[in-house]
Amino acid sequence: MLLEPQEMKLSNGKTITIRSAAGEDALQLAKHRKITAGETYNMARYPEECDYDIDKAREGLTRTAKDPRDFMVTAFCEGEVVGDLGVLTIRDLMKYRHRGYMGISIRNEYCDQGLGSTMVKIAIDQARKNGFEQVELGVFSDNMRAIHVYEKFGFKQYGINPRAFKLKDGTYRDEVIMVNIFST
Ligand SMILES: CC(C)(COP(=O)(O)OP(=O)(O)OC[C@H]1O[C@@H](n2cnc3c(N)ncnc32)[C@H](O)[C@@H]1OP(=O)(O)O)[C@@H](O)C(=O)NCCC(=O)NCCS
């Protein structure tokens, strides 16, 4: 599904438009993912693992835009993607369909100005409306800012996957499993 576009102002005075990325945004989104992968090790990929097949990405975004439940919450500033969030069905099987999986990344210069909180709040409200019963995510155990934002919007820590990530320097990071279970 596609969200109704909305605007917010950051503390630096810039105006952000939040809407759902669609097929035509595939290239912009790929660029954003490569940049954020280079800015922080908190993403799953290193930048050299972000060379997406743009046709496939376009198809995926078009499919998500038409899906009745899955959606993107994408932040644009002056036409460029600066924030990327998706809530997607974990597996399209009956035993899994109550579960959505969320991932988010914001460009470094747009962090710490309330954008992530706004995007997560929009995502949780919409996920609930779309019939998901819970939204899940995995986060590096030392990503305290992200954990803080997730907890603010109802996610709880349910477990640890030890040494889930191995960095280029040979060090490991645990993954914290967080779930936001919607009460009825
Ligand atoms: C994690 C992320 C989505 C948060 O979005 P954001 O726009 O930076 O967050 P906000 O400005 O809305 O809120 C940040 C909050 O974290 C707090 N915070 C900042 N650094 C912190 C830290 N080291 N420890 C704990 N809290 C911290 C701020 O005080 C603020 O708290 P408040 O809302 O109670 O005032 C964003 O920083 C990001 O995308 N980072 C890079 C990629 C990433 O880590 N993605 C998550 C992968 S699971």
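The values are calculated or read from the model by the stated rules, or taken from the named source; none is laboratory data. This is a predicted model, so every value here is computed, not measured. Backbone-built Cβ (ideal geometry, glycine too); neighbour counts: all protein chains shown.
Being more than 13 Å from the ligand (Cβ to nearest atom) and not aromatic (Phe, Trp, Tyr): is that true of Arg97 here? Judged against the criteria, Arg97 is a match.
Looking at this structure, is Thr89 hydroxyl-bearing (Ser, Thr, Tyr), surrounded by fewer than 16 Cβ atoms within 10 Å (Cβ to Cβ), under 27 Å from Arg173 (Cα atoms) and modelled with pLDDT of 95 or more? It would help to see each step written out before you state the result.
On the way: hydroxyl-bearing (Ser, Thr, Tyr): yes; surrounded by fewer than 16 Cβ atoms within 10 Å (Cβ to Cβ): no; under 27 Å from Arg173 (Cα atoms): yes; modelled with pLDDT of 95 or more: yes.
Considered against the rule, which asks whether it is hydroxyl-bearing (Ser, Thr, Tyr), surrounded by fewer than 16 Cβ atoms within 10 Å (Cβ to Cβ), under 27 Å from Arg173 (Cα atoms) and modelled with pLDDT of 95 or more, Thr89 comes out as no.
Residue-by-condition table, conditions (1) on the phi < 0 side of the Ramachandran plot; (2) polar (S, T, N, Q); (3) within 15 Å of the ligand (Cβ to nearest atom):
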| residue | (1), (2), (3) |
| --- | --- |
| Asn12 | yes, yes, yes |
| Asp25 | yes, no, no |
| Met43 | yes, no, yes |
| Tyr52 | yes, no, no |
| Ala57 | yes, no, no |
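Would you check if Ile160 is more than 8 Å from the ligand (Cβ to nearest atom), surrounded by fewer than 17 Cβ atoms within 10 Å (Cβ to Cβ) and in contact (Cβ under 8 Å) with a residue 40 or more places away in the chain? In short, no.
Residues of segment 4-28 that are surrounded by 14 or more Cβ atoms within 10 Å (Cβ to Cβ), free of Cβ contacts under 8 Å to residues at least 60 places away in the same chain, in contact with a helix residue (DSSP H, G or I) (Cβ under 7 Å, 6 or more places away or on another chain) and not small (Gly, Ala, Ser): Asp25 alone.
Per the conditions (1) touching a Leu at 6+ places or on another chain (Cβ under 9 Å); (2) among the β-branched types (Val, Ile, Thr); (3) within 13 Å of the ligand (Cβ to nearest atom), the sole criterion not satisfied by Val179 is (3). Within segment 138-154, if we keep just the residues that are surrounded by 20 or more Cβ atoms within 10 Å (Cβ to Cβ) and not in a helix (DSSP H, G or I), the residue that is nearest to the ligand (Cβ to nearest atom) turns out to be Val139.
Note on segment 4-81: enclosed strands (runs of 3 or more DSSP E) holding 1 or more residues that are among the charged types (D, E, K, R) are 6-9, 15-19. Only residues that are within 16 Å of the ligand (Cβ to nearest atom) and either within 14 Å of the chain's Cα centre (by Cα) or aliphatic (A, V, I, L, M) (or both) were counted in segment 77-89, giving 8. Checking each residue of segment 113-122 against the condition of being hydroxyl-bearing (Ser, Thr, Tyr), in contact with a Lys or Arg (Cβ under 9 Å, 6 or more places away or on another chain) and over 26 Å from His98 (Cβ atoms) gives no match.
Going through (1) in contact (Cβ under 8 Å) with a residue 60 or more places away in the chain; (2) within 30 Å of Ile181 (Cα to Cα) one by one, Glu78 falls short only on (2). Within segment 103-121, the residues that satisfy the criterion of being more than 6 Å from the ligand (Cβ to nearest atom) and crowded, with 21+ Cβ neighbours inside 10 Å are Met119, Val120. Taking segment 108-129 as the range and being in contact with a helix residue (DSSP H, G or I) (Cβ under 6 Å, 6 or more places away or on another chain) and either within 18 Å of Gly38 (Cβ to Cβ) or outside any helix (DSSP H, G or I) (or both) as the test, only Asn108 passes.
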